[in-house]
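Down below is the structure, laid out as structure tokens.
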Amino acid sequence: MSTHGTIGVLGAGEVGQAVADKAVRHGHEVLIGNRRGPETLEALVGGLGPKAHAVTAEEAVKPELVFLSVPFFVVPELTDLTTWSGKIVVDTTNQFAAANPWRGRYDVGDLTGSEWVARHLPGARVVKALNTLFASFIAADPRHAEGRQVAFYAGDDADAKEAVAALLGEFGFAALDLGGLREGGRLMQLDGPLSAKHLLLQDAG
């Protein structure tokens, strides 16, 4: 099992729920929070079971490893939410300019989406992951008769990437390293060649 017994999930939309469910099913305590307060998450955590805990946004980002599953344009509001330095932040966001419905593209200039996210979370060890998959593919069992669901990841911190890859593997995904936030992020981000591509890896033998 991953060394990160407690996992934070910030954002309780479809992706955040899918991640929380995976983590709980594999024995992790999960702190899930959103901007609207823990009382809005009581039904969700009730369905996830006793290892899931509805908390404030501030509490959700206390663990060493946090999944970021908020709308992209909300990220600047998170800078002062906690001391991000040293935390592993799994960035599942896509740079949509608006939500409900998702549309448009948020302008981050020459940066990749995750480089922009990293600039707003000073000191965080950001790893891009799971953003290329529709939420339903994250929620489903990634192990199929034909192979395992591929989960790409990218980041600039080797130890953080190793931790995230181990967690994705524990969840049942075939974790594939695409390099740093610059090169890997360009492949994975909205409109990139791997965005919304759902692939299975056939394991030899």
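The values are calculated or read from the model by the stated rules, or taken from the named source; none is laboratory data. Just so it is clear, the structure is predicted and the values come from calculations on it, not from any experiment. Cβ placement follows ideal geometry from the backbone for every residue including glycine, while neighbour counts extend to all protein chains displayed. For accessibility, only protein heavy atoms count, side chains too; no ligands or nucleic acids. Shrake-Rupley method; radii C 1.70, N 1.55, O 1.52, S 1.80 Å.
Numbers for the structure displayed
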quantity	calculated
Average accessible area per residue (Å²) across the range 61-128 - probe 1.4 Å, nucleic acids and ligands excluded	42 Å²
Mean Cβ neighbour count within 10 Å, used as a protection proxy, ranking 141-150, 28-37, 171-180, 87-96 highest first	87-96, 28-37, 171-180, 141-150
Correct choice for percent of Cα pairs over 31 Å apart that was computed from the model, options [x] 41; [y] 11; [z] 20	[y]
Accessible surface of the chain, 1.4 Å probe, proportion on carbon and sulfur as whole %	51 percent
19 Å Cα-Cα reach of K87 towards lysines, excluding residues that sit fewer than 8 places from it in its own chain	K62, K128, K161
Fraction of beta bridges assigned by DSSP in the range 1-111 that are antiparallel (%, nearest 5)	5 percent
Extreme residue, positive dipole direction of the range 86-182, given options G180, N131, A166 (C-beta unit charges)	N131
Beta bridges per DSSP with both ends in the chain, % antiparallel, nearest 5	25 percent
